[in-house]
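What follows is a single structure, written as structure tokens, with notes after it.
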Amino acid sequence: MTRKLVLDVDTGTDDAVAIMFAALHPELELLGVTTVNGNVPVTNTTDNTLRVLDWIGRSEIPVYRGLSRPLARNGSPGPRHYERDGKADPHGLALDIPEPRSSAADTGAVEFLVETLRAVTDPLTLVAVGPLSNIATALAIDPGLTESVEELVIMGGGHAVTNVTASAEFNIWGDPEAAAVVFSAGFGRLTLVPLDATHRALITRESVNALGSLGTPAGTACARFIGKRIEAYTAMLPGTDAAPVHDVVCTASLVRPELITTEHIPVQVETASPLTIGRTVMDRRPHTPDEPNAHVAFDADAALLTELLLETFG
Ligand code: RIB
Ligand code: CA
């Protein structure tokens, strides 16, 4: 029995690996991909998503263009860490694979999400690996959509690990108001995969070489994308020679739940303080009075993730 899912992305290099995994793993059925402004503008996240699906021969999977900016703020609240520090960029504007032959659907991402979730007979899985602007807008149109989602898996947030600021992780920081709406919407099962987990599942240069040797389109692209990420992370921290591939931890955990180790805790998002805007406030206190709303991953298995990539892309 395959698991039906919709993927919301801001394609980038790690989103691209997550898309290929969801499109190629035999236990997953990728119904559609919605794109959002994030790593790069939505024109580019859409173009990159189309490039990926064409490259792996899955052009029949529809792509729906979404929001070009955060809900409430005027553009992302500031430059990215690597833009500000002038360090190597783990993404680039266009993925290093041929331009797309396909086009995005005429229907927009939010319309697709609302129509699809309203029409489902069996609840489906929603995986969001970029800023949550599309998801929050769909909920604004129909708050009852949460009933059609058996599990929402989000790549985002950070407790002991952050990236875009000292307080926040990029996806949540990219649209804090949208994230606050999503975390308080009452999804039956919300799984959050923050940087604390993704940074424990680094992919090494040795594994990149093995992926490149698979001789398949997905293996070749995956090696190229993760190789670029390793260059960027090594430029930021000489000697690293490995990189997190955040988004694929979400899609891979759908087929092997043991990939991540989670705690069921309360999570809220800061939307007011200039110093901590976009922070995911994770309450790990044993006797917190607050209701838990998310299963948060604090660990991930690097060896298992590597094995899953080699297996799926081979
Ligand atoms: O902070 C990591 C997240 O931000 C990943 O989803 C990456 O693709 C970027 O969107
Ligand atoms: Ca992403």
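The values are calculated or read from the model by the stated rules, or taken from the named source; none is laboratory data. In this text, all values refer to a predicted model and were calculated from it rather than measured experimentally. So basically every Cβ, Gly included, is an ideal-geometry build from the backbone, and we count neighbours across all protein chains shown. In case anyone asks, the SASA skips ligands and DNA or RNA and just uses the protein heavy atoms, side chains included. Shrake-Rupley method; radii C 1.70, N 1.55, O 1.52, S 1.80 Å.
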Subset tally (residues that are small (Gly, Ala, Ser), within 15 Å of ligand 2 (Cβ to nearest atom) and assigned to a helix (DSSP H, G or I)) for the stretch 161-208: 4
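So, GLU99, is that one outside any loop (DSSP other than H, G, I, E, B) and acidic (Asp, Glu) or not? Show your work before the answer.
On the way: outside any loop (DSSP other than H, G, I, E, B): no; acidic (Asp, Glu): yes.
Taking the combined requirement at face value, the residue does not satisfy it.
Could you identify the single residue in ALA218, ALA232, ALA303, ALA252 that is open to solvent by less than 10 Å² (accessible area, probe 1.4 Å), assigned to a helix (DSSP H, G or I) and away from ligand 2 (no atom under 16 Å from the Cβ)? Give the derivation first.
Working: ALA232 fails: away from ligand 2 (no atom under 16 Å from the Cβ); ALA303 fails: open to solvent by less than 10 Å² (accessible area, probe 1.4 Å); ALA252 fails: away from ligand 2 (no atom under 16 Å from the Cβ).
Criteria check complete, one pass: ALA218.
Can you tell me which of VAL52, VAL6 is crowded, with 21+ Cβ neighbours inside 10 Å, more than 12 Å from ligand 1 (Cβ to nearest atom) and either closer than 18 Å to THR125 by Cα or modelled with pLDDT under 95 (or both)? Spell out the reasoning first.
Working: VAL52 fails: either closer than 18 Å to THR125 by Cα or modelled with pLDDT under 95 (or both).
Every option except VAL6 fails the conditions.
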In the set VAL17, VAL40, VAL9, which member is out of contact with any Gly (no Cβ under 8 Å at 6 or more places or on another chain) and within 13 Å of ligand 2 (Cβ to nearest atom)? VAL17
Provide a single number: the residues in the stretch 186-198 that are within 10 Å of VAL249 (Cα to Cα) and open to solvent by 20 Å² or more (accessible area, probe 1.4 Å). 0
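Would you point out which residue out of LEU237, LEU211 is surrounded by 22 or more Cβ atoms within 10 Å (Cβ to Cβ) and hydrophobic (A, V, I, L, M, F, W, C)? Spell out the reasoning first.
Values: LEU237 fails: surrounded by 22 or more Cβ atoms within 10 Å (Cβ to Cβ).
Just a single option satisfies the conditions, and that option is LEU211.
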Going through the stretch 36-48 in order, the residues found to be buried (at least 24 other Cβ atoms within 10 Å of the Cβ), within 14 Å of ligand 1 (Cβ to nearest atom) and more than 16 Å from PHE170 (Cα to Cα) are ASN48
